[in-house]
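Peer 1: Got a structure for you, written out below as structure tokens; questions coming shortly.
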Amino acid sequence: MTRHLARFMGKTNLLSRDGFLLSIILPFIIGLIFLFSFENLREAANLNPAGIVIELKGNPEEKKDVEDFIKARGMEGRLTDQGLEPVGEPGDEDYLIYYFGDDDVDDLLDEGTINAKVWIDNTGKKMDMEIYVPSNKANDRSSFMAYQMLNSFAKTYRNLINNTEALYAQAMAGRDMSSVAGLVERAETGIAVDDIIETKEKEGINSFTHYVMATLGFICLYYIRVGVDIVRKNEAYTGALGKRLAISPVSRSLRVFISFLTTGIPCLLTTYLLLFCCWQRDLGLSLDYAGVILVVSLGVLIAIFMGMAFASLFKLSKDHVNVINVLIPVLGALFGGLMGQASQILSTWINDNAPFLASLNPAGLVSRGLYQLSFYPSYDSFYQTIRIMTVYLAVLAVCIGLGMRRTKE
Amino acid sequence: MLVEMKDIVKRYGNLLALDYFDLEAEKGEIYGLLGPNGSGKTTAINCMLSLIKFDNGTVNLFGEKMSPKRDDLKERIGLVMQDIGVYDELTVEENITYFCGLYISDRKKRKAYVEEAIDFVGMDSHRKFKPPRLSGGLKRRLNLACGIAHKPDLIILDEPTVAVDPQSRNHILENVRALAQEGKTIIYTTHYMEEVEAICDRLSIIDRGKVLVRGTTEEIKAMSSSGEIIHVKAFHLEDDLLDRIRDMKEVDAVNYEPAAGQLVVYFSKGESGLMSLLRLFEEKNTDFFDLHVKTPSLNDVFLEITGKELRDND
Ligand SMILES: Nc1ncnc2c1ncn2[C@@H]1O[C@H](COP(=O)(O)OP(=O)(O)OP(=O)(O)O)[C@@H](O)[C@H]1O
Ligand SMILES: [Mg+2]
């Protein structure tokens with residue numbers, strides 16, 4: 001019986017317009033469109049290094065630290081009427097075109113031919129940095145990148161100075177120095193520029209990778225509808241075909257289970273195909289393949305289970321289903337930070353103030369898990385996310401079980 | 001009793017779809033449910049098969065209480081729904097195989113059953129067609145085949161012949177009768193009284209969820225208070241002849257429209273006046289043509305009880 005059901009349910013699902021188009025082709029196409037539009041974003045950022053003019057003050061040694069850092073990330077430029085002209089051909093690694101000097105560049109800023117003006121004052125103990133980005137360049141990715149880099153450079157620099165002071169204080173107090181010897185050495189040789197660059201690179205790709213991850217989460221939401229259909233097509237109230245199945249001697253649980261297998265597996269495969277595209281195009285997804293597949297699979301399953309639980313607990317008319325179809329992706333995109341700045345603020349706010357809410361959104365869980373895989377130093381928080389998802393899945397399974405006992409007209 | 005429905009009440013909000021509905025059918029009989037659109041036929045079937053919940057009453061099938069969990073009872077039931085329930089993605093043969101396979105696990109047996117079902121509805125030349133390519137009537141026939149391929153003991157047919165051409169309809173009706181002869185029990189709903197008269201052993205006439213009358217066709221027709229009605233076309237009838245007809249002891253009423261030459265004679269219940277009428281015409285040497293005799297139909301009974309037609313003439 002199981003085989004018979006699987007054969008025909010699989011066939012009807014794959015051949016039916018709704019089953020195939022809406023649950024497999026559509027998520028895939030939408031996924032590709034989103035992912036590739038982000039890819040263009042990234043390439044645009046790479047092609048145009050940010051032009052910045054830096055006014056540097058302070059003692060020569062510390063000035064040199066700043067210069068070294070900046071030089072490692074970009075190429076020198078000459079100030080002309082057209083803006084900053086690089087002395088050579090900037091490479092992929094050149095995020096900045098820099099110019100050190102106290103020239104007046106207000107006009108260039110107004111015209112938008114350079115991205116920012118930076119004042120750095122190293123006279124005191126702390127490094128003071130002020131960055132001016134003109135409003136016409138505020139949304140420019142290059143400016144954003146430059147800002148991120150400089151800002152976090154300044155932060156790290158301050159930390160190191162503070163740490164160094166603390167270490168010397170400990171040494172003076174006669175503590176054992178061996179354990180902190182490394183740090184002292186590092187502090188003395190100045191800033192480990194490579195470390196900062198590494199951090200910076202992660203932060204630099206951060207925002208567009210964030211989009212990729214949010215997209216993958218968002219795709220999961222499409223499968224809620226698949227879950228709804230899995231249950232609905234086995235219910236007598238949905239029409240003649242439902243009746244025909246309901247009057248057969250095959251229990252509803254078995255029918256729903258086989259529907260789930262025959263529909264759910266293609267959904268998973270579609271998502272894996274998207275993942276493959278992400279890896280193929282190097283869209284910043286973690287290379288921990290098992291981890292990525294685990295978190296995405298759980299996301300797809302949660303979405304399907306959500307739809308199933310919903311449809312098995314409530315009698316859903318066609319209108320209800322249409323509302324779900326329209327509303328869920330929009331809400332998901334909104335809360336997932338995929339709909340412009342306001343939605344990014346919203347998703348950040350929810351993450352900070354109501355993490356519980358964020359955990360209810362499978363899209364949020366997926367992108368969170370992917371983010372943790374890519375950027376967190378240890379697996380602890382990733383495992384935590386996986387645990388949440390597993391519990392979530394179990395709760396939904398119980399809801400489905402309860403719903404399965406109900407006869408809905 | 002193979003089917004026993006007692007005091008079924010079903011409400012849709014304010015609408016009383018079934019009003020203390022009863023139905024009893026014995027093994028091997030064809031039981032008709034006759035009623036106009038919206039009278040509750042389909043609702044009654046849905047309640048019988050536990051496809052919907054109802055507000056009151058009990059349903060016993062094969063002598064046992066029916067519920068959605070009774071897979072053992074469901075195994076013995078075949079339903080042919082009013083709405084077509086087939087997969088557009090599967091061919092005729094695959095559709096029948098799929099639904100038959102829900103009941104019959106044995107492959108060989110299933111294959112034989114599917115062949116028989118295709119034969120039953122006469123769709124051998126369409127077996128590789130997918131439903132979107134089938135005409136409305138052929139779809140109905142496929143729908144029928146899907147419901148009965150597994151050879152159930154109790155077959156429920158909900159208006160199986162709507163939109164089917166007369167030839168195929170007769171084919172289906174004959175086969176339904178053959179099924180009953182094999183000992184299958186059949187519940188047959190329709191609003192075509194000719195079908196009921198042709199094949200049903202017993203029937204209930206229902207309206208607004210209520211059973212108005214039940215019994216055999218003959219019994220129900222006998223309930224009508226009117227007798228034969230004779231229509232005849234004759235022009236220039238003499239008043240004398242009309243008076244003689246009116247004076248016949250069997251005649252209740254006479255209606256003559258000279259312009260149309262249409263004479264209608266109503267006889268009282270249980271009387272047959274055709275011969276006497278013909279003799280009168282002969283005596284007066286009057287030409288007539290297009291004569292036909294109408295005995296009271298189920299429709300007349302329905303009309304008498306409810307004051308409305310069972311259906312529009314079609
Ligand atoms: N799901 C429903 N919700 C509300 N009312 C319903 C529902 N199903 C049926 N009804 C109402 O119940 C009444 C009986 O409907 P039913 O379908 O049983 O009639 P029927 O005798 O089968 O008619 P037909 O000959 O048109 O098939 C109708 O008035 C119909 O409008
Ligand atoms: Mg009906």
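The values are calculated or read from the model by the stated rules, or taken from the named source; none is laboratory data. Keep in mind the model is a prediction, meaning the values are calculated, not measured. Heads up, the Cβs are rebuilt from the backbone with ideal geometry, glycines too, and the neighbour counts pull from every protein chain shown. Heads up: the accessible areas ignore ligands, DNA and RNA and are worked out on the full protein's heavy atoms, side chains in. Shrake-Rupley method; radii C 1.70, N 1.55, O 1.52, S 1.80 Å.
Peer 1: Can you name every residue in the stretch A:51-78 that is part of a strand (DSSP E or B) and of a type in the set (Asp, Glu)?
Peer 2: A:55, A:76 - these are the residues of the stretch A:51-78 that are part of a strand (DSSP E or B) and of a type in the set (Asp, Glu).
Peer 1: Can you tell me which residue is surrounded by the fewest Cβ atoms within 10 Å (Cβ to Cβ) among those in the stretch A:1-39 that are hydroxyl-bearing (Ser, Thr, Tyr) and more than 11 Å from chain B (Cβ to nearest Cβ)?
Peer 2: A:37
Peer 1: Moving to a separate point now. Can you tell me which of (1) away from ligand 2 (no atom under 16 Å from the Cβ); (2) under 18 Å from residue B:214 (Cα atoms); (3) part of a loop (DSSP other than H, G, I, E, B) is the one residue B:39 doesn't meet?
Peer 2: (1)
Peer 1: Let me ask something else. Quick check: anything in the stretch B:54-62 open to solvent by less than 10 Å² (accessible area, probe 1.4 Å) and within 16 Å of ligand 1 (Cβ to nearest atom)?
Peer 2: Among the residues of the stretch B:54-62, at least one is open to solvent by less than 10 Å² (accessible area, probe 1.4 Å) and within 16 Å of ligand 1 (Cβ to nearest atom), which makes the answer yes.
Peer 1: For the stretch A:352-371, name all the residues that are part of a helix (DSSP H, G or I) and of a type in the set (Gly, Ala, Ser).
Peer 2: The answer is A:358, A:359, A:363, A:364, A:367, A:369.
Peer 1: Please go through the stretch B:14-30 and give me each residue that is away from ligand 2 (no atom under 16 Å from the Cβ) and either within 22 Å of the chain's Cα centre (by Cα) or surrounded by 23 or more Cβ atoms within 10 Å (Cβ to Cβ) (or both), ordered by number.
Peer 2: Scanning the stretch B:14-30 gives B:19, B:20, B:22, B:24, B:25, B:26, B:27, B:28, B:29, B:30.
Peer 1: Are there any pairs, at least 6 apart or on different chains, whose C-beta atoms fall under 7 Å, with the first in the stretch B:33-48 and in contact (Cβ under 8 Å) with a residue 60 or more places away in the chain and the second part of a helix (DSSP H, G or I), and if so, which?
Peer 2: From residues that are in contact (Cβ under 8 Å) with a residue 60 or more places away in the chain, the pairs are B:33/B:41; B:33/B:44; B:34/B:193; B:34/B:196; B:34/B:298; B:35/B:41.
Peer 1: I want to confirm something. Restricting to the stretch B:31-53 and keeping residues that are within 28 Å of residue B:151 (Cα to Cα) and hydroxyl-bearing (Ser, Thr, Tyr), which single residue is surrounded by the fewest Cβ atoms within 10 Å (Cβ to Cβ)? Walk me through how you get there before you give the answer.
Peer 2: Applying the first criterion (within 28 Å of residue B:151 (Cα to Cα)) to the stretch B:31-53 yields B:31-35, B:40-53.
Now narrow it down to the ones that are hydroxyl-bearing (Ser, Thr, Tyr): B:31, B:42-43, B:50.
Values: B:31: 24, B:42: 18, B:43: 20, B:50: 22.
Here the residue is B:42.
Peer 1: Oh, and also: So which residues in the stretch B:74-95 are more than 16 Å from ligand 1 (Cβ to nearest atom), open to solvent by less than 50 Å² (accessible area, probe 1.4 Å) and either of a type in the set (Lys, Arg) or within 25 Å of the chain's Cα centre (by Cα) (or both), if there are any at all?
Peer 2: From the stretch B:74-95, those more than 16 Å from ligand 1 (Cβ to nearest atom) are B:74-78, B:86-95; that's our starting set.
Still in the list and also open to solvent by less than 50 Å² (accessible area, probe 1.4 Å): B:74, B:77-78, B:86-87, B:89-95.
Result: B:74, B:77, B:78, B:86.
Peer 1: Something else now. Any idea which of B:59, B:86 is closer than 18 Å to residue B:155 by Cβ, away from ligand 2 (no atom under 16 Å from the Cβ), within 9 Å of chain A (Cβ to nearest Cβ) and of a type in the set (Val, Ile, Thr)?
Peer 2: B:86
Peer 1: Any chance the stretch A:216-226 includes a residue that's farther than 29 Å from residue A:348 by Cβ and in contact with a Cys (Cβ under 7 Å, 6 or more places away or on another chain)?
Peer 2: yes
Peer 1: For the list (1) among the β-branched types (Val, Ile, Thr); (2) part of a helix (DSSP H, G or I); (3) modelled with pLDDT of 65 or more, I need the number of the one condition that residue A:164 fails.
Peer 2: Unmet condition: (3).
Peer 1: Shifting gears a bit: Tell me which residues, restricted to the stretch B:24-43, are within 6 Å of ligand 1 (Cβ to nearest atom) and more than 14 Å from chain A (Cβ to nearest Cβ). Working first, answer last.
Peer 2: Within the stretch B:24-43, the first condition is being within 6 Å of ligand 1 (Cβ to nearest atom), and the residues that meet it are B:35, B:37-43.
Within the stretch B:24-43, B:35, B:37, B:38, B:39, B:40, B:41 qualify.
Peer 1: Can I ask one more? Sort out which residues of the stretch A:372-409 are over 30 Å from residue A:246 (Cα atoms), in a helix (DSSP H, G or I) and either open to solvent by less than 60 Å² (accessible area, probe 1.4 Å) or in contact with a strand residue (DSSP E or B) (Cβ under 8 Å, 6 or more places away or on another chain) (or both), and write them in order of number.
Peer 2: Across the stretch A:372-409, the qualifying residues are A:372, A:373, A:374, A:375, A:381, A:382, A:385, A:386, A:388, A:389.
Peer 1: State whether one or more residues within the stretch B:64-72 are modelled with pLDDT under 95, within 16 Å of ligand 1 (Cβ to nearest atom), surrounded by fewer than 18 Cβ atoms within 10 Å (Cβ to Cβ) and within 13 Å of chain A (Cβ to nearest Cβ).
Peer 2: Within the stretch B:64-72, the subset modelled with pLDDT under 95 is B:64-72.
Add one more test, that the residue is within 16 Å of ligand 1 (Cβ to nearest atom), and what stays is none.
No, every residue in the stretch B:64-72 fails to be modelled with pLDDT under 95, within 16 Å of ligand 1 (Cβ to nearest atom), surrounded by fewer than 18 Cβ atoms within 10 Å (Cβ to Cβ) and within 13 Å of chain A (Cβ to nearest Cβ).
Peer 1: Moving to a separate point now. Quickly run through the stretch A:242-272 and pick out the residues that are facing chain B (nearest Cβ under 7 Å) and either within 24 Å of residue A:213 (Cβ to Cβ) or part of a helix (DSSP H, G or I) (or both). Break it down into steps so the answer makes sense when it comes.
Peer 2: Within the stretch A:242-272, the first condition is being facing chain B (nearest Cβ under 7 Å), and the residues that meet it are A:243-244, A:246-251.
Correct list: A:243, A:244, A:246.
Peer 1: For the stretch B:96-119, state whether one or more residues are within 11 Å of chain A (Cβ to nearest Cβ), under 14 Å from residue B:148 (Cα atoms) and within 16 Å of ligand 2 (Cβ to nearest atom).
Peer 2: The answer is no; no qualifying residue exists.
Peer 1: So residue B:209 fits all but one of (1) within 16 Å of ligand 2 (Cβ to nearest atom); (2) open to solvent by 20 Å² or more (accessible area, probe 1.4 Å); (3) among the small types (Gly, Ala, Ser); what number is the exception?
Peer 2: (2)
Peer 1: Check off (1) within 14 Å of another protein chain (Cβ to nearest Cβ); (2) within 14 Å of ligand 2 (Cβ to nearest atom); (3) not acidic (Asp, Glu) for residue B:11 and give me the number that stays unchecked.
Peer 2: Condition not satisfied by residue B:11: (2).
Peer 1: Residue check: is residue B:228 open to solvent by less than 50 Å² (accessible area, probe 1.4 Å) and modelled with pLDDT under 85?
Peer 2: Spelling it out, residue B:228 is indeed open to solvent by less than 50 Å² (accessible area, probe 1.4 Å) and modelled with pLDDT under 85.
Peer 1: What single numbered condition from (1) in contact (Cβ under 8 Å) with a residue 24 or more places away in the chain; (2) within 16 Å of ligand 2 (Cβ to nearest atom) fails to hold for residue B:51?
Peer 2: Here residue B:51 meets the rest and fails (1).
Peer 1: Continuing with this model, one more query. On the basis of being more than 8 Å from chain A (Cβ to nearest Cβ) and without any contact (Cβ under 8 Å) to a residue 60 or more places away in the chain, does residue B:76 make the cut? Quick ask: steps written out before the conclusion?
Peer 2: Numbers: more than 8 Å from chain A (Cβ to nearest Cβ): yes; without any contact (Cβ under 8 Å) to a residue 60 or more places away in the chain: no.
Considered against the rule, which asks whether it is more than 8 Å from chain A (Cβ to nearest Cβ) and without any contact (Cβ under 8 Å) to a residue 60 or more places away in the chain, residue B:76 comes out as no.
Peer 1: Let me ask another. Residue A:292 - would you say it is under 17 Å from the mean Cα position of the chain (by Cα), of a type in the set (A, V, I, L, M, F, W, C) and surrounded by 20 or more Cβ atoms within 10 Å (Cβ to Cβ)?
Peer 2: yes
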